[in-house]
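First up is the structure itself, then whatever we jot down about it.
Please treat every number below as a calculation from the coordinates, not as lab data. Everything numeric here is computed off the predicted structure, so don't read it as measured data. Quick reminder, even Gly has a Cβ in these numbers, built from the backbone with ideal geometry, and neighbours come from all protein chains shown.
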Amino acid sequence: MKQFAKLKAINEREYDDDTDRLCDILSVVYECDINQVPITTYNAMVNGLGFMSDDVPTKRPHSKYKINDVEYEFCSNVADITVAQYQDFQSFALQDDIRGMVGCVLIPSGHRYSDGYDTEYLDSVDIVTARACISFFVSCWTRFIELFQRYSIKSMKQMEKTMKKGKLTEKQRKEMERALAFYRLLSASVEKQTKQLQTR
């Protein structure tokens with residue numbers, strides 16, 4: 001993850017010369033001072049970058065991971081996700097912060113989310129594992145949004161039918177109008193969030 005973040009920064013940086021960009025990439029991938037590498041070794045290293053054009057392999061996340069001899073648990077049960085995890089994951093997703101998203105769902109064994117443990121372990125998580133954790137949670141979140149949207153639309157239609165029958169007091173009518181306005185606003189927000197998550 002640490003290397004991935006550095007490579008992402010290099011990719012977004014402006015360079016006058018592509019050779020400089022390549023040297024920075026090599027320095028990150030091979031964790032060396034590229035300026036001190038013999039030219040023959042340099043050429044072999046460049047040839048070794050072919051894997052970077054491949055798609056990141058997709059895998060299903062495991063329930064447990066061992067990173068630097070410490071065990072971590074993946075929060076695979078969405079029902080156990082806390083409000084704080086949900087809000088943080090959503091915020092990190094909108095910022096395209098992969099490290100932050102993984103930190104929301106891969107927790108040290110024996111800990112609860114954000115209870116004071118060190119998060120440096122996230123730097124050592126490989127990108128395949130990171131993508132597996134994120135993809136699982138995003139798919140669950142997207143499904144939840146779709147179901148919630150259907151429920152909201154159904155509820156709106158039921159309220160509109162009740163209002164049309166005209167069997168409401170003035171107070172009930174106003175409450176119903178406020179509820180309808182809320183559902184319409186929420187539905188629009190949910191639709192926007194779904195599109196944002198699906199494009200990441």
For the range 10-55, what log10 I(q)/I(0) values come out of the Debye formula at q = 0.15, 0.17, 0.22 1/Å, with one point per alpha carbon and no solvent? -0.38, -0.49, -0.81
Would you please put 79-88, 130-139, 103-112 in order of how densely packed they are, using the mean number of other Cβ atoms within 10 angstrom per residue and starting with the highest? 130-139, 103-112, 79-88
The Cα radius of gyration of the range 1-114, divided by 2.2 N^0.38 Å with N its residue count, comes to 1.38
Enumerate the calculated ³J(HN,Hα) couplings along the range 101-118 in order (Karplus 6.51 cos²θ - 1.76 cosθ + 1.60, θ = phi - 60°), each rounded to whole Hz, writing x wherever the residue is Gly or Pro. 5, 4, x, 6, 10, 10, 10, x, 4, x, 10, 9, 4, 6, 9, x, 6, 6
